[in-house]
Amino acid sequence: MASPGKTARNASSTSEPAVLTSRDNRWLKEFRVALRGGLPTETGFVGVEGVRLVEEALRSGCRIQAVLFSESGERHHERLSSFIDRPEMAFPVLRTTDRLFEGIADTEHPQGVAALVHPRETSLDDFIRAPITACAPLLVVLAGVQDPGNVGTILRTAAAFGATGAATAASGISGTANPFSPKALRASAGAALHLPILAGMSLSILLAQLKVVGVRTLASSVHEPRDGEQPLLAPWEVDWCQPVALLVGNEGAGLPEEVERSADARIRIPMASGIESLNAAAAAAVVFYEAARQRNSAPAPGIQSSAPSQPPKPPDAARTSKIT
């Protein structure tokens, strides 16, 4: 789509385009909204900035509305040429001055290359569907995670350790930061453009749907169990080869207690005394590493293998059975 400039073809496939020199140019306004403003454009495109993120966007298969280079950013054209110089590409390649690019960029020291990208649309079926290479769906649900840096880092970590989908929802305490904002996209290193993300669904409806399709919910917890409740599980006491969704709550308050107690099980990372908690993104990395360890050790159908070794258990960790 190329509505601002009504350009239907890749500009590099014809004559060299003129440099955009007016800050009121419609293309530059679109980029300014998406990058500096951190908001989607009217047609739903988000801004990515920097050569690595633009490259990830071009690799992702998401729709691209336009790619913009500054004068100094032209040095990155060769790295991206295999994507943007194809005759069949339907988006324009635009150019502007370094000064105007700095006025639309969200970073302090811009690299001079940006793109407008339409994130892939994800349905509930897409979210819960696991690829054939995975033993089961491994999902992460961000409920009230407010820091876009944390949102992006959690998505990057989850994708790195084999998560098959992610969802963002309000928790009743707060909303979750937009995973496609410029800061969150940088923190995810582009993973948010590759991972199926179900954004903005009601948390109560999402949890009900997960229960219907047989996905176990696992709540990260900061609360001590009450009398009669099951002890909290350590990450290695969970069977991650079953369909599982990890619920991650607000950085300060965690998940609402009613959400925790409605989950199939609750999890906490055992730590040395005197340390209250980990950053949400750091905790997610620990948990998803254990999930990847188990899932990568799972034998293929019909192949007999030895049981994976179990990590050492801290002395103060409670002995509990696995969630199955």
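The values are calculated or read from the model by the stated rules, or taken from the named source; none is laboratory data. Computed from a predicted structure; not experimentally measured. When we count neighbours, we look across all protein chains shown, and the Cβ atoms used for this are built from the backbone with ideal geometry, even at glycine. The accessibility values were calculated without ligands, DNA or RNA, using every heavy atom of the protein model including side chains. Shrake-Rupley method; radii C 1.70, N 1.55, O 1.52, S 1.80 Å.
Looking at this structure, is residue 191 more than 21 Å from residue 286 (Cβ to Cβ) and either under 14 Å from the mean Cα position of the chain (by Cα) or open to solvent by 20 Å² or more (accessible area, probe 1.4 Å) (or both)? First the steps, then the outcome.
Details: more than 21 Å from residue 286 (Cβ to Cβ): no; either under 14 Å from the mean Cα position of the chain (by Cα) or open to solvent by 20 Å² or more (accessible area, probe 1.4 Å) (or both): yes.
Criteria not met by residue 191.
Quick one: would you say residue 229 is open to solvent by less than 70 Å² (accessible area, probe 1.4 Å), in a loop (DSSP other than H, G, I, E, B) and over 22 Å from residue 127 (Cα atoms)? Considered against the rule, which asks whether it is open to solvent by less than 70 Å² (accessible area, probe 1.4 Å), in a loop (DSSP other than H, G, I, E, B) and over 22 Å from residue 127 (Cα atoms), residue 229 comes out as yes. Taken over region 71-109, residues that are open to solvent by less than 50 Å² (accessible area, probe 1.4 Å), assigned to a loop (DSSP other than H, G, I, E, B) and either free of Cβ contacts under 8 Å to residues at least 24 places away in the same chain or closer than 30 Å to residue 196 by Cβ (or both) amount to 5. Residues in region 118-149 that are closer than 15 Å to residue 184 by Cα, touching a helix residue (DSSP H, G or I) at 6+ places or on another chain (Cβ under 6 Å) and open to solvent by 20 Å² or more (accessible area, probe 1.4 Å): 148 only. Report yes if residue 175 is surrounded by fewer than 23 Cβ atoms within 10 Å (Cβ to Cβ), in contact (Cβ under 8 Å) with a residue 24 or more places away in the chain, of a type in the set (Gly, Ala, Ser) and closer than 24 Å to residue 53 by Cα, otherwise no. For residue 175, the condition - surrounded by fewer than 23 Cβ atoms within 10 Å (Cβ to Cβ), in contact (Cβ under 8 Å) with a residue 24 or more places away in the chain, of a type in the set (Gly, Ala, Ser) and closer than 24 Å to residue 53 by Cα - is not met.
What do you reckon, is residue 159 free of Cβ contacts under 8 Å to residues at least 40 places away in the same chain, crowded, with 16+ Cβ neighbours inside 10 Å and of a type in the set (A, V, I, L, M)? Give the steps one after another, and end with the answer.
Values: free of Cβ contacts under 8 Å to residues at least 40 places away in the same chain: yes; crowded, with 16+ Cβ neighbours inside 10 Å: yes; of a type in the set (A, V, I, L, M): yes.
Against the criterion (free of Cβ contacts under 8 Å to residues at least 40 places away in the same chain, crowded, with 16+ Cβ neighbours inside 10 Å and of a type in the set (A, V, I, L, M)), residue 159 qualifies.
The number of residues in region 210-231 being modelled with pLDDT of 85 or more and either farther than 11 Å from residue 141 by Cβ or in contact with a Gly (Cβ under 9 Å, 6 or more places away or on another chain) (or both) comes to 7. So which residues in region 28-38 are in contact (Cβ under 8 Å) with a residue 40 or more places away in the chain and open to solvent by 10 Å² or more (accessible area, probe 1.4 Å)? Selection gives 30, 32, 36, 38.
Yes/no matrix, rows are residues, columns are (1) in contact with an Asp or Glu (Cβ under 6 Å, 6 or more places away or on another chain); (2) more than 25 Å from residue 147 (Cα to Cα); (3) modelled with pLDDT of 85 or more; (4) in a helix (DSSP H, G or I):
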position: 241; (1), (2), (3), (4): no, yes, yes, no
position: 266; (1), (2), (3), (4): yes, no, yes, no
position: 282; (1), (2), (3), (4): no, no, yes, yes
position: 288; (1), (2), (3), (4): no, no, yes, yes
